[in-house]
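Taking it in order: structure first as structure tokens, then the write-up.
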Amino acid sequence: MRAEKKLLTGEYVARLNASPFFIVVGYQGLKVAHLSELRKRLTKAGAEIHVVKNTVFTVAAKEAGIGELNGSLAGQLAVVTGKKDISAAAKVLKNFAAEFDKLKLKFGYLNNQRLEVASIVALADLPSIDVLRGKLLGLLNAPATKLVTLLNTPATMLAQVIKAKAEKAE
């Protein structure tokens, strides 16, 4: 392998090791302006996209411990990686693929487990991590709120009875 390819392979190995996930997309026929727009959207979601040569990526995936990609690398491919939430990146890719038919989801990996297109779409349909945290906090907070309401009810009713009695006496 030439020195340039070894350098590229090392860069992709580092990128794959730093990211808990990656998603492979086909971009054949996509214009440069559209790819630039996709880069902007992915950056907002905490991810990035890189065009990669298939042979270099295959070697990098093996070196990163991903395992066999089963010959699924064909055509013009780009790899999306990120350090944050995979569902945010998958949502951007799904929406972009709906806008521009040229972008095709191929497959992905999450914590060394292969994801097919259906799994990536399912991840895209999940609410964001902040929404899920809010729902969880709401579920945890609801019993405490009900308990406080239940404990305050007798005192509130007693105060209302005393108030009514005082108003009647006047």
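The values are calculated or read from the model by the stated rules, or taken from the named source; none is laboratory data. Quick caveat, the model's predicted, so the values are computed rather than measured. Every residue, glycine among them, receives a Cβ derived from its backbone with ideal geometry; neighbour counts consider all protein chains shown.
Pull up the stretch 17-46, narrow it to residues that are crowded, with 20+ Cβ neighbours inside 10 Å and over 14 Å from K94 (Cα atoms), then point me to the one that is farthest from the chain's Cα centre (by Cα). Residue satisfying both the conditions and the ranking: L30. Being modelled with pLDDT under 80 and among the hydroxyl-bearing types (S, T, Y) is the requirement here; does T43 meet it? No. When V117 is tested against (1) exposed (fewer than 10 other Cβ atoms within 10 Å of the Cβ); (2) under 30 Å from A74 (Cα atoms); (3) not polar (S, T, N, Q), only condition (1) is not met. Within the stretch 76-103, the residues that satisfy the criterion of being polar (S, T, N, Q) and farther than 23 Å from A60 by Cα are S87, N95. Scanning the stretch 1-12 for residues that are surrounded by 17 or more Cβ atoms within 10 Å (Cβ to Cβ) and either under 19 Å from A98 (Cα atoms) or out of contact with any Lys or Arg (no Cβ under 9 Å at 6 or more places or on another chain) (or both) yields T9, Y12.
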